[in-house]
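The values are calculated or read from the model by the stated rules, or taken from the named source; none is laboratory data. Predicted, not measured: the structure shown is a model, and the values here were computed from it. Don't worry about glycine lacking a Cβ; one is built from the backbone with ideal geometry, like all the others, and counts go over all protein chains shown. Calculation scope for accessible area: heavy atoms of the full protein, side chains included, ligands and nucleic acids excluded. Shrake-Rupley method; radii C 1.70, N 1.55, O 1.52, S 1.80 Å.
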Number of protein chains: 6
Amino acid sequence: MPLVTIKIIEGRTKEQKRGMAKDVTEAIVKNIGCPETAVTIDIIEMKPENVSQAGKLFSDNPPR
Amino acid sequence: MPLVTIKIIEGRTKEQKRGMAKDVTEAIVKNIGCPETAVTIDIIEMKPENVSQAGKLFSDNPPR
Amino acid sequence: MPLVTIKIIEGRTKEQKRGMAKDVTEAIVKNIGCPETAVTIDIIEMKPENVSQAGKLFSDNPPR
Amino acid sequence: MPLVTIKIIEGRTKEQKRGMAKDVTEAIVKNIGCPETAVTIDIIEMKPENVSQAGKLFSDNPPR
Amino acid sequence: MPLVTIKIIEGRTKEQKRGMAKDVTEAIVKNIGCPETAVTIDIIEMKPENVSQAGKLFSDNPPR
Amino acid sequence: MPLVTIKIIEGRTKEQKRGMAKDVTEAIVKNIGCPETAVTIDIIEMKPENVSQAGKLFSDNPPR
């Protein structure tokens, strides 16, 4: 702990995930003062038909 | 926020998800009084072998 | 299953939660076709200082 | 309720999941004193590129 | 990872949590074959007015 | 979306949360390329008796 879950729309590259994991970990360590090794992140990739905002699926009505 | 996560067994149609997203959003707005645009829903689809009740996988012992 | 988690800002009344639980359950049953007894909902109440949007805590910058 | 979510790296067999579901359910019933039927477990399988520890993806730097 | 989240109704003793954490960890290690140190568990305690089944709050209609 | 959940041990100041929310949001925007307004973060504060690693509660065996 800290345990971080990040839900994003699917389709990001491994390079993007690598950078995000590194930078989010640093952002938490900087502010919380925990050791870097304590930070676990999991990324949940969502299909656009499995997310809605304002009652509309992203696959029908993609956010801009 | 409100943020809603709905875990369901996989296999529902996009039409079912579309209706569920619309109706769940309305149900929350009606009771909480938040703006519709504040409601985000994500749907996590589960394989029957990844869910258990009473210690038995749904794939072994599907609920009726 | 379906399992539903709803994160809301703290401070809603029991009456609001009661109505939301009833109406969200109906919205899911109507669209998914599962028995009502299969729908479990849990509500997580958040303090405004524990939620941020666009990098700003709700307690500093409440959403309108 | 109890509701249990278990995130594991993908690739376990159905036999492993079956055993884990049975044994985790028993462990909870033994300590909490709830009926076995009240325990629902869902398993989320993660790709190694979607998990990081200490800022490094498991796919780059698998844990030993 | 494995990361485990257990949602239970509030009011269990520290002794019950201690036993549950130990036994659930053992149940996972036995079946998954991961090192014990890899298993993190977090327990989320729920108020009965924040959980519903079949559209009814536990506080109104406690499960037997 | 992105939706971020961060579980931390309780006791951090509002100033720490404010900084963490700002910096984690920036880390995600930088790597994913989404608008800042799309990033929602919720922070779940855990009591040490509700977290375990290697089968031991943090309240019994605090991590160093």
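Side notes on the structure shown:
- Among the criteria (1) open to solvent by less than 70 Å² (accessible area, probe 1.4 Å); (2) touching a helix residue (DSSP H, G or I) at 6+ places or on another chain (Cβ under 8 Å); (3) not β-branched (Val, Ile, Thr), the one residue F:46 does not fulfil is (2).
- When we screen B:33, B:19 for residues that are of a type outside the set (Phe, Trp, Tyr) and open to solvent by 60 Å² or more (accessible area, probe 1.4 Å), the only hit is B:33.
- Within the set D:57, D:3, the sole residue that is free of Cβ contacts under 8 Å to residues at least 24 places away in the same chain and touching a Lys or Arg at 6+ places or on another chain (Cβ under 8 Å) turns out to be D:57.
- Checked against the criterion of being in contact with a helix residue (DSSP H, G or I) (Cβ under 9 Å, 6 or more places away or on another chain), outside any helix (DSSP H, G or I) and more than 14 Å from chain E (Cβ to nearest Cβ), segment F:15-31 contains not a single residue that satisfies it.
- Residues of segment B:32-54 that are over 22 Å from residue C:21 (Cβ atoms) and assigned to a strand (DSSP E or B): B:45, B:52.
- Residue in segment E:39-48 that is away from chain F (no Cβ under 13 Å) and of a type in the set (Ser, Thr, Tyr) present: no
- When each of B:13, B:25, B:40 is tested for being touching a residue at least 24 places away in the same chain (Cβ under 8 Å) and of a type in the set (Ser, Thr, Tyr), the lone residue that passes is B:40.
- Single residue of segment D:51-64 satisfying the filter (surrounded by 22 or more Cβ atoms within 10 Å (Cβ to Cβ) and in contact with an Asp or Glu (Cβ under 6 Å, 6 or more places away or on another chain)) that is nearest to residue B:8 (Cα to Cα): D:51
- With respect to the conditions (1) more than 7 Å from every other protein chain (Cβ to nearest Cβ); (2) closer than 23 Å to residue E:25 by Cα, residue F:51 falls short on a single one, namely (1).
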